[in-house]
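The values are calculated or read from the model by the stated rules, or taken from the named source; none is laboratory data. Quantities reported herein were computed from a predicted structural model and do not represent experimental measurements. All Cβ positions, even for glycine, are placed from backbone atoms using ideal geometry, and neighbour counts span all protein chains on display. Surface accessibility is based on the protein's heavy atoms, side chains included, excluding ligands, DNA and RNA. Shrake-Rupley method; radii C 1.70, N 1.55, O 1.52, S 1.80 Å.
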Amino acid sequence: MIIEYDTIIVGGGVIGSGIAYHLSEVQPNGILVLDKDFPLNGTSGSTQGWVWIQSKVPSWYGELSMFSADLYEYLPRRIGDIEYKRTGGIGPFFTEEERELAKRLAETQAGVGIHIDILSREETLAREPSLSPDIVGSTYCSIDGNVNPMRLVEQYMRAAKKNGVTYEYSNPVVAIEKKQGSYIVTAKRGTYSCKKLILSAGVWTQAVGKMLGIDIPVFPVRGQIIVTEPVAPLFKHTLSSMRQASNGEVLIGYTKEYAGFDRSTTLDVMEETANFGVKVVPVLAKAKIVRSFAGLRVMPQDEIPIIGHIPGFDNLYIAVMHSGITLSPLAGAIITELITEGESSIPIDCLSITRFA
């Protein structure tokens, strides 16, 4: 038996669930989300949770991130508490060469309205006394922040389900066929049809695209993170590669490793990450590391998000990117506009999959 839906979303992580929620606000019922595991078992549950804008380049990419960060200001009122904090972001640097690079970044981002201050050592330590006195200075952007990724995805899901969205967990898609204006989606535990299909399966999006004969140039990148025991508040801003959670734990790390789909943690990277943490915040040398984890970020070939309609296929859309936490509100809004209005309210040609053709 084939079960009919209006829209099927393949992938229920932060992007898929964000789309499900936003779309269900204007098109309740008739939406199915299929996930191969449980939405928080993948990338969305293995992340720092930054809402980070200052270093996103090209500048138009930074601008998109800024638009999405602005949507975060209103999101908790709509879906509930997600522990979003616009703390401001600090990126410490240790050399004069890094200062010059920071100045160039600030000049570039200013062109799209992203204001970055270049702070001296004294100005940085006045804001964050726990940072190392060996720093030369830092970048500061007031609109950077962080969010609890677990609560974010859970609240997206809760709000989407309240609007009538159906979720199927541990139900991986094994085949997709385009047939007479519809898509037939065969999963492990059932077969479904839909008029509109959205591909947002993160690191698995390439495999899903192949089912329709589409080459989606993305690959997995491993990132390892260490987590300390809860400690007294050390810093109030979100730091590049580091943040302190509400419970006092400090999350450290932002590695970029090409290890395929291997989610193992490795001792050498853990040591390197711990040394980095102590270099930036020396008092962390007294903190115990209680756990570590690795996540797989999906990385488009040019490291720029892929969002929009897929040409040559009616009602087929894609949303895949490595900065999913930052961009989830905007991605949800864009896909919803494309489906309901036929166009987005902001230019997205630079995000189209056609750029790889």
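Structure above, values below:
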quantity	calculated
Hey, S345 buried (at least 20 other Cβ atoms within 10 Å of the Cβ) and outside any strand (DSSP E or B) or not	no
Close pairs (7 angstrom Cβ cut-off, 6 or more residues apart or separate chains): closer than 13 Å to D134 by Cβ in segment 89-106, among the polar types (S, T, N, Q) anywhere	P92/T124; P92/S138; F93/S138
Count - residues of segment 212-222 that are open to solvent by less than 30 Å² (accessible area, probe 1.4 Å), more than 13 Å from G42 (Cβ to Cβ) and in a strand (DSSP E or B)	2
Filtered residues of segment 41-61 (kept if touching a residue at least 60 places away in the same chain (Cβ under 8 Å) and part of a helix (DSSP H, G or I))	T43, S44, G45, W60, Y61
Within segment 24-55, considering residues that are buried (at least 18 other Cβ atoms within 10 Å of the Cβ) and within 17 Å of Y72 (Cα to Cα), the one farthest from the chain's Cα centre (by Cα)	Q54
Sole residue being within 30 Å of G62 (Cα to Cα) and hydrophobic (A, V, I, L, M, F, W, C), chosen from I184, I176, I135	I135
Residue that is most open to solvent (accessible area, probe 1.4 Å) [pool: residues in segment 271-317 that are under 18 Å from G91 (Cα atoms) and free of Cβ contacts under 8 Å to residues at least 12 places away in the same chain]	N275
Elements of type helices (runs of 4 or more DSSP H) contained in segment 107-211, each with 2 or more residues being surrounded by 18 or more Cβ atoms within 10 Å (Cβ to Cβ) and on the phi > 0 side of the Ramachandran plot	none
Odd one out for D268 among (1) of a type outside the set (V, I, T); (2) assigned to a helix (DSSP H, G or I); (3) buried (at least 18 other Cβ atoms within 10 Å of the Cβ)	(3)
From the options T191, T205, residue that is β-branched (V, I, T) and closer than 24 Å to V298 by Cα	T205
Every residue from segment 88-106 that is open to solvent by less than 50 Å² (accessible area, probe 1.4 Å), under 19 Å from V280 (Cα atoms) and in a helix (DSSP H, G or I)	R99, A102
Of residues in segment 1-23 being among the β-branched types (V, I, T) and open to solvent by 20 Å² or more (accessible area, probe 1.4 Å), the one farthest from the chain's Cα centre (by Cα)	I2
Search result, residues across segment 229-250 that are within 19 Å of S138 (Cβ to Cβ) and either surrounded by 15 or more Cβ atoms within 10 Å (Cβ to Cβ) or among the small types (G, A, S) (or both)	L234, F235, H237, T238, L239, S240, S241, M242, R243, Q244, V250
